[in-house]
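Contents: one structure, followed by commentary.
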Amino acid sequence: MKLQLKNILISQFITLLILIVLEIVSTGILPLLGLQKYTIPFNILIVLFMGFKLETPYIAVLIFLVQYFHSFFSIEGWEMGTIAGVIICIVISYVRDLIHFHSAAATMFVTQVFQVVWFVIVSGLLYLKLDNMDYLVEKFWRFLPESILISLMAPFFFSLLDKIWGVQERGLLGDES
């Protein structure tokens, strides 16, 4: 059975290493290209993968670790992303049977939909904190190209994470079948 804590820790460690490398590239290369305000949110892609493919009681801790490591490279704190990630995973757990990743287009569409849900959750939390819509409107216009890029990368990235986490094509981590 793949749901042993040892296997989860090894897969999470490899995933965090990939996140760190991607965050370094994102925060280092994009500003060199003149895109100072844009960063590619690989953390969201990893959390969505975990929600879609992993069924483990440790999911909240895994999300926290991803968000915590992401916060080293971002001005965003780990708390809003962790709350959004856990809420997204709860929603995914209810609709998991309806979500299928049989094609790249379906994967991109589902990823885009849940990124919009992520944006709405984080924006709501930011509005409660800042009470300023101007920042949220600016954040939305930055969100659009970032989310489209992440959605385009999702099929490749999910197949890579499938190999790291040992998830079968249709199965979940933790499935006995």
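Just a few scattered comments:
- In the range 124-143, the residues that are outside any helix (DSSP H, G or I) and open to solvent by 70 Å² or more (accessible area, probe 1.4 Å): 131
- Those residues of the range 52-105 which are touching a residue at least 60 places away in the same chain (Cβ under 8 Å) and among the β-branched types (Val, Ile, Thr), in sequence order: 56
- Qualifying residues in the range 144-170 (those that are open to solvent by less than 30 Å² (accessible area, probe 1.4 Å) and hydroxyl-bearing (Ser, Thr, Tyr)) - the one farthest from residue 14 (Cα to Cα): 147
- Residue 146 among the acidic types (Asp, Glu), within 17 Å of residue 70 (Cβ to Cβ) and in a helix (DSSP H, G or I): yes
- Scanning the range 104-123 for residues being more than 14 Å from the chain's Cα centre (by Cα) and open to solvent by less than 40 Å² (accessible area, probe 1.4 Å) gives a total of 2.
- Residue check for residue 85: out of contact with any Ser or Thr (no Cβ under 7 Å at 6 or more places or on another chain), assigned to a helix (DSSP H, G or I) and modelled with pLDDT under 90: no
- Some residue of the range 20-31 being in contact with an Asp or Glu (Cβ under 8 Å, 6 or more places away or on another chain), modelled with pLDDT under 90 and closer than 20 Å to residue 153 by Cβ: no
- Contact map, the range 21-40: residues that are farther than 14 Å from residue 76 by Cβ paired with residues that are modelled with pLDDT under 80 and surrounded by fewer than 12 Cβ atoms within 10 Å (Cβ to Cβ), Cβ distance under 8 Å, separation 6+ or inter-chain. Pairs shown: 30/36.
- Tally, over the range 84-103, of residues that are among the hydrophobic types (A, V, I, L, M, F, W, C), surrounded by 12 or more Cβ atoms within 10 Å (Cβ to Cβ) and over 15 Å from the mean Cα position of the chain (by Cα): 2
- Residue satisfying condition, being small (Gly, Ala, Ser), at pLDDT 90 or above and in contact with a helix residue (DSSP H, G or I) (Cβ under 7 Å, 6 or more places away or on another chain), within set 159, 123, 151: 151
The values are calculated or read from the model by the stated rules, or taken from the named source; none is laboratory data. Computed from a predicted structure; not experimentally measured. Every residue, glycine among them, receives a Cβ derived from its backbone with ideal geometry; neighbour counts consider all protein chains shown. Side chains included, ligands, DNA and RNA excluded: accessible areas come from the protein's heavy atoms. Shrake-Rupley method; radii C 1.70, N 1.55, O 1.52, S 1.80 Å.
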